[in-house]
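Since the structure comes first, as structure tokens, the remarks are kept for the end.
The values are calculated or read from the model by the stated rules, or taken from the named source; none is laboratory data. Note that the structure is predicted; figures quoted are calculated from it, not measured. Glycine also receives a Cβ, built like all others from the backbone with ideal geometry; neighbour counts cover every protein chain displayed. SASA here: full protein model, heavy atoms, side chains in, ligands and nucleic acids out. Shrake-Rupley method; radii C 1.70, N 1.55, O 1.52, S 1.80 Å.
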Amino acid sequence: MLEKTRTKLESMFNTEKQLGSDGIPYELDGLTKVSFSQGNLLAALHNSIRPSLSIEIGLAYGFSALFILDSMFENNYGKHIAIDPYEVTDWHGIGLKAIHDLEFDDRFEWQEAMSIDALSTMRRDGVRAQYIYIDGSHSFDAALIDFCCSDKILDTGGVIILDDMWMLPINAVVSFVKNNFQHYEQVDVDYDNICCFKKIGEDIRPLNHFVRFNTSYDIPSIKLANKTTSPPFNLPLVSVIIVNHNYGRFLKQAADSVFEQTYPNIECIIVDNASTDCSAAVLLDISTQYPGAKIVRRKDNGGQSLASKEGFEASSGEYVVFLDADDFLLPAFVETHVFVHLSLRIPVGFSSGDMIQAVDSRMVLGTQFGFSEYVLSGRGEKPGLMRRIDESAPGVWPLPSPGASIETQVHLVEPRYAGDWMWAPTSGNCFRRDALRLFLINEDLAALRHCTDAYLLRGINVVTGSVVIDRPLAVYRLHGTNAFSKHLHLNGVLNYDRNSPSDHNQLGHKLIMDHLIANARLFLGKMPSRWHYVDALQALNDSWPQLPSTVPGCRSYLAGRVVTEAGALAPALGYREFIVLLERLNVAPNVLLKARLWLTRNKERRS
């Protein structure tokens, strides 16, 4: 591939803004594209035929056209026509601008017409083609008409390629052609998302020829990177951030699990924490196979929390998943989490799915203990919690239904709760971006080098609440060098070493309290009332284990922090509410008396 083409495509795959034909930069939607591997396959097929004329129905951003034109210029052959009546109005001429900037104009022609009109005019004018790529309207009738019209101008020996086999209408067209077009044979391209037919003769069927064809399909499992067409209403973007430090032996499987998701709108960001193992070579393989993946290389190992924060800052999804490089996601992970969020009546800060536990490559357990304990307790059952998006608004959910059981498998964890652990570890959670933003602005996060979930999950839940999804959607791998878990779960036995250097529960707990107090005005401005804020602090104070304080007269760490930060906290919270908070925190009577006198003097000074 020409270097200039590769540079342009990498910019587009990274969803950087692209200039339209009007010279204005536009955002790409992140969905309408071919994968790098599919683009290379289209170019290889094109080069093997070396057509004097090739035709593409649907130009859009120009991804596939750039792969094809690059092959033509590198090997010096042919002309390529793209038919797209909406190239300027809907796609801002981004594809045209890219083709012009790469100086491919000499071998390219754009026709601003409906495909049926353009192909009929070509037939009338005696135009002949040897390669036709159909990626226009994806309704059954439109795609079938495109195929029939293309057949009339295709030379024997030429090929017609249909894109987006993950869509039912395209599957139906392929079935129709297989059963009724006896002058075509299917070419095996070993690629699930496209179907290639070679013309082997002329159409000599009788006038009444018809063979029944299958119109009922199980959609094949198509890799995320191969999905190219937006659903009727854009699904939210999900950013999956892989944090890696010396997990090169697991990293490729983690990345594969992201690109094998059944959900079509995902960006993948890998943050490497200055690894010294084989991770550099693995990252090179990943960037070659998945050029759309963003890779952030840190110069030093700042720990999990800083890497997560840096990955978050490089992301843009409405939902965010932090995937540890030694874990991996099952194919329906993102699809299920997004379905649940879109169906919830309560807009919680995150959802948590159950995880299978494995030792290296062997599954051992099908759940996380604290997670299942919470589900069995019945505390999270809330009738009417979900209103299914696929039933309430079927036009905006284009993916398969997760099944009727999903309604009984989602359990609410109420806001202002920070007690027992009932969530999955890091890799099992899907966060709302707005919720993460509230807690990742903490400048002290660098101190929490491991167990970022101990901070994020409890902190976000105490403010917004969460839900747990009683389905195993990811795999948690134990391999002997995990930062927190040292053993598989066993009833009545801890799976971590309490109070060891790897137990960051207490530090995470402190960071949440410090963050809520230091940013009191921020949280008070966003929470429904001052009492919601007070209740959140009290929940943190009451959760086990309660942290001790070094401030005289204060029984807990939080009480000590409230007293030492009284100068900023009391005016922000309100003097009456501040006194109530101290009473709830059971400070000593002398501390409470001093606080009352201090507040009285402050009021007198103001008046």
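Here are the numbers for this structure:
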item: Options VAL396, VAL359: the member that is aliphatic (A, V, I, L, M) and either buried (at least 19 other Cβ atoms within 10 Å of the Cβ) or more than 25 Å from CYS451 (Cα to Cα) (or both); result: VAL396
item: Some residue of the range 24-32 being in a helix (DSSP H, G or I), crowded, with 16+ Cβ neighbours inside 10 Å and hydrophobic (A, V, I, L, M, F, W, C); result: no
item: Where PHE67 falls short, out of the listed (1) of a type outside the set (Lys, Arg); (2) touching a helix residue (DSSP H, G or I) at 6+ places or on another chain (Cβ under 6 Å); (3) at pLDDT below 90; result: (3)
item: Count of residues meeting criterion [assigned to a loop (DSSP other than H, G, I, E, B) and more than 17 Å from PHE523 (Cβ to Cβ)] in the range 556-607; result: 6
item: Strands (runs of 3 or more DSSP E) contained entirely in the range 281-398, each with at least 3 residues that are of a type in the set (A, V, I, L, M); result: 319-324, 350-359, 362-365
item: Residue in the range 299-307 that is among the acidic types (Asp, Glu) and touching a helix residue (DSSP H, G or I) at 6+ places or on another chain (Cβ under 9 Å) present; result: no
item: Selection status of ASN40, surrounded by fewer than 16 Cβ atoms within 10 Å (Cβ to Cβ), closer than 21 Å to ILE161 by Cα and out of contact with any Asp or Glu (no Cβ under 8 Å at 6 or more places or on another chain); result: yes
item: Some residue of the range 175-187 being polar (S, T, N, Q), in contact with a Cys (Cβ under 8 Å, 6 or more places away or on another chain) and surrounded by fewer than 20 Cβ atoms within 10 Å (Cβ to Cβ); result: yes
item: Residues being under 30 Å from PRO400 (Cα atoms) and more than 31 Å from the chain's Cα centre (by Cα) - total across the range 117-141; result: 1
item: Residue within the range 197-208 that is outside any strand (DSSP E or B), surrounded by 14 or more Cβ atoms within 10 Å (Cβ to Cβ), touching a Ser or Thr at 6+ places or on another chain (Cβ under 6 Å) and not small (Gly, Ala, Ser) present; result: no
item: Every residue from the range 241-290 that is free of Cβ contacts under 8 Å to residues at least 60 places away in the same chain, within 18 Å of LEU330 (Cβ to Cβ) and buried (at least 21 other Cβ atoms within 10 Å of the Cβ); result: ALA255, CYS268
item: Options LEU69, LEU41, LEU45; residue that is part of a helix (DSSP H, G or I), within 26 Å of the chain's Cα centre (by Cα) and either closer than 27 Å to ASN234 by Cβ or among the hydrophobic types (A, V, I, L, M, F, W, C) (or both); result: LEU41
item: Scope the range 1-19; condition touching a helix residue (DSSP H, G or I) at 6+ places or on another chain (Cβ under 7 Å) and either β-branched (Val, Ile, Thr) or surrounded by fewer than 18 Cβ atoms within 10 Å (Cβ to Cβ) (or both); matching residues; result: MET1, LEU2, THR5, LEU19
item: Residue within the range 79-95 that is open to solvent by less than 60 Å² (accessible area, probe 1.4 Å), without any contact (Cβ under 8 Å) to a residue 24 or more places away in the chain and either assigned to a helix (DSSP H, G or I) or over 24 Å from THR156 (Cβ atoms) (or both) present; result: no
item: Residue in the range 404-420 that is among the hydrophobic types (A, V, I, L, M, F, W, C), under 17 Å from LEU511 (Cα atoms) and surrounded by 13 or more Cβ atoms within 10 Å (Cβ to Cβ) present; result: yes
item: Test for ASP190: is it at pLDDT 55 or above and surrounded by fewer than 14 Cβ atoms within 10 Å (Cβ to Cβ); result: yes
item: The range 137-158: number of residues that are open to solvent by 10 Å² or more (accessible area, probe 1.4 Å) and not in a helix (DSSP H, G or I); result: 7
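Here is a yes/no grid of residues against (1) open to solvent by 10 Å² or more (accessible area, probe 1.4 Å); (2) over 27 Å from HIS532 (Cβ atoms); (3) modelled with pLDDT under 90; (4) outside any helix (DSSP H, G or I):
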site	(1), (2), (3), (4)
TRP423	no, no, no, yes
CYS430	no, no, no, yes
LEU456	no, no, no, no
ARG471	yes, yes, no, yes
THR481	yes, yes, yes, yes
ASP503	yes, yes, yes, yes
GLN506	yes, no, yes, no
